[in-house]
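Reading through the structure tokens given below for one structure.
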Amino acid sequence: MTRPPRILFLADYGSQIGGGHVMRCLTLAGALIVRGAACAFLAPPGTQALLRAFGSPRIEALDSSEETALVLAARYAPDWLVID
């Protein structure tokens with residue numbers, strides 16, 4: 001049996017640009033999860049708050065405040081990367 005495709009999201013968020021990027025990616029992640037994908041977000045503190053408020057419990061939040069995004073991405077080993 002093969003593992004589900006792993007999708008890693010990097011969505012820009014901040015006080016200057018708002019949360020639209022994260023919300024758009026959450027919509028895509030939800031649709032991918034329904035189709036069997038595993039989804040995770042590289043999540044600095046602001047993004048973590050949005051994921052907790054609006055995301056699915058099936059979406060993994062990789063805390064990028066403690067490690068670099070490159071290390072987290074390598075550890076997650078995604079099949080696809082979504083950048084918004």
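The values are calculated or read from the model by the stated rules, or taken from the named source; none is laboratory data. All of these numbers come straight from a predicted model, not from anything done at the bench. Neighbour counts are summed over all protein chains in view; Cβ atoms, including those assigned to glycine, are modelled from backbone coordinates with ideal geometry. Only protein heavy atoms, including side chains, enter the accessible area calculation; ligands, DNA and RNA are left aside. Shrake-Rupley method; radii C 1.70, N 1.55, O 1.52, S 1.80 Å.
For every residue, the table says whether it meets (1) open to solvent by 70 Å² or more (accessible area, probe 1.4 Å); (2) within 12 Å of the chain's Cα centre (by Cα).
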{"site": "V22", "(1), (2)": "no, yes"}
{"site": "G36", "(1), (2)": "no, no"}
{"site": "C39", "(1), (2)": "no, yes"}
{"site": "R52", "(1), (2)": "yes, yes"}
{"site": "A69", "(1), (2)": "no, yes"}
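Given the criteria surrounded by fewer than 19 Cβ atoms within 10 Å (Cβ to Cβ), part of a helix (DSSP H, G or I) and either in contact with a Leu (Cβ under 8 Å, 6 or more places away or on another chain) or without any contact (Cβ under 8 Å) to a residue 12 or more places away in the chain (or both), does A61 qualify?
no
Among residues belonging to region 71-82 that are out of contact with any Lys or Arg (no Cβ under 6 Å at 6 or more places or on another chain) and surrounded by 16 or more Cβ atoms within 10 Å (Cβ to Cβ), point out the one that is farthest from P5 (Cα to Cα).
Taking the candidates together, the pick is L72.
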